[in-house]
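Here is the structure we will look at, set down as structure tokens.
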Amino acid sequence: MDAFDAIPNHVVIDILNKVADVKTLIRCRSVSKRFNSLATQSDSLLLQLDQILGATESEPEISSPVASFFRSIFKSILPIFSRSAKPVETPKTPAQILAGFNRIRNLDVELYGGDANLEKGAAVKWKAEFGETLKSSVIVAFRSATVNASATESPIDAVETDSEFVCGLKTRVVWTINALMAASTRHHLMRDLVKEHKEMERLTVRDRDDEGTVVMDAAGMREYRETEARVDEKGLGLERVRERTEVPNVRMSMRHAPMLKLKSGICLEAATLVVVRPSGVASDDNDVELATEAFAADCMYGEAVTALLKRRRNVLEMNSF
């Protein structure tokens, strides 16, 4: 017995929880039988889908004649040695990748990139909470950001006219729809994972560009499983072939400023804050708490949210899609 074998299992599991990265833990499983059993007991995981699904950096090809000659030879003889080898199937879904992990409590999923297609210079950042369907979403967007100490900010206490609100409304609605579609797509991507891992307490799905975040807590995931079970019992599962979760009828609290100047000197053109909830949910009074909490860790967006919350609130309704 070596010194490492003397380390208690719970200590090894604590170390593996610090590792978190699923790709690394899968590699650890091949070290020994002990590691194979302990690595799957990690309860806090980070799943980076682009790493697992093959979006790895490849070596640049050399275009010299000699290199091309040897490359053609290797390609021609490779099938001779690989005929007897069984093809390796690459996991395609988060549920397949995490099939061996059965004690997950907290899971962070990182996607390769953002979803929204915006005009150059524009930015949309959002956070959405889901259960069976959308529970709430907070969206912050602007057309451009510049550093201009002499820029004049729109007065906070100025009374906004209807014509001023309508100006640019179409763009703000498009930003909102893009964010909701991206959120519902990510929620749908996690459907099998949520159904199979009943032990999970929190699921967070974000992208590498830090554009948007989907959050599901234990109650939300339980609600989703119960709804899916009822659908399966009624045999309606085949009728709902979709690429994303349906967004319900929603009520949007929208605030905006034609020009918003932050304390840092950054000026945001067409700064917009939208708080979205399903229609019929009477909780408009906690816009401040919901929006502030969503962007508390982000300095610029957090400051923009605080300033926009002082603006006039316009309420819009949108049908499900």
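The values are calculated or read from the model by the stated rules, or taken from the named source; none is laboratory data. Computed from a prediction, not measured in an experiment: that's the story for all the values here. Heads up, the Cβs are rebuilt from the backbone with ideal geometry, glycines too, and the neighbour counts pull from every protein chain shown. The protein model used for the area step is the full one, side chains on, heavy atoms only, and it has no ligands, DNA or RNA in it. Shrake-Rupley method; radii C 1.70, N 1.55, O 1.52, S 1.80 Å.
Values for this structure:
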quantity	calculated
Where A270 falls short, out of the listed (1) free of Cβ contacts under 8 Å to residues at least 40 places away in the same chain; (2) more than 25 Å from N249 (Cα to Cα); (3) among the small types (G, A, S)	(1)
Selection within region 12-25 - in contact (Cβ under 8 Å) with a residue 24 or more places away in the chain, β-branched (V, I, T) and under 17 Å from I97 (Cβ atoms)	V22
Restricting region 28-51 to residues that are among the hydroxyl-bearing types (S, T, Y) and outside any loop (DSSP other than H, G, I, E, B), the residue that is most open to solvent (accessible area, probe 1.4 Å)	S37
Hits in region 161-190 - residues which are in a helix (DSSP H, G or I), open to solvent by 80 Å² or more (accessible area, probe 1.4 Å) and not aliphatic (A, V, I, L, M)	D162, S163, E164, K170
For A270: the one exception among (1) open to solvent by less than 60 Å² (accessible area, probe 1.4 Å); (2) at pLDDT 90 or above; (3) not in a strand (DSSP E or B)	(3)
